């Protein structure tokens, strides 16, 4: 059976003679063996597909949860005021904290608008 899953008439007769059986018995034995082999392979395939299905179901749950979190994050974002990222630096002469955007020429106008505190300039400009 390992070499031939199907026998031709000549092989069937030779095997029947060698085993002292009728050719029909040899034919039925091969049919049954093919059916058992197919059933075992189907069971193996089914187990493999079950494991794949479980893995995909877990991944699907994880992705659904991630999607739900992203949607929740997207809907909650408009409630928070988006401030531009700034770099804080210490003014060496007056020892006040200043943003990187106010350390340039706009520092004097920021001081005028914010009462001398340049780190408030990003809030007052919005």
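The values are calculated or read from the model by the stated rules, or taken from the named source; none is laboratory data. The structure displayed is predicted, hence computed values, not measured ones. Heads up, the Cβs are rebuilt from the backbone with ideal geometry, glycines too, and the neighbour counts pull from every protein chain shown.
Only one residue in 41, 77 is out of contact with any strand residue (DSSP E or B) (no Cβ under 9 Å at 6 or more places or on another chain), surrounded by 10 or more Cβ atoms within 10 Å (Cβ to Cβ), modelled with pLDDT of 55 or more and assigned to a helix (DSSP H, G or I), so which one is that? None of the others qualify; the one that does is 41.
The residue that is farthest from the chain's Cα centre (by Cα), counting only those in region 1-16 that are exposed (fewer than 12 other Cβ atoms within 10 Å of the Cβ) and in a helix (DSSP H, G or I), is 10.
Take residue 55 and tell me if it is under 44 Å from the mean Cα position of the chain (by Cα) and either under 30 Å from residue 1 (Cβ atoms) or surrounded by fewer than 10 Cβ atoms within 10 Å (Cβ to Cβ) (or both). Lay out the reasoning, then the answer.
Details: under 44 Å from the mean Cα position of the chain (by Cα): yes; either under 30 Å from residue 1 (Cβ atoms) or surrounded by fewer than 10 Cβ atoms within 10 Å (Cβ to Cβ) (or both): no.
No: the conditions fail for residue 55.
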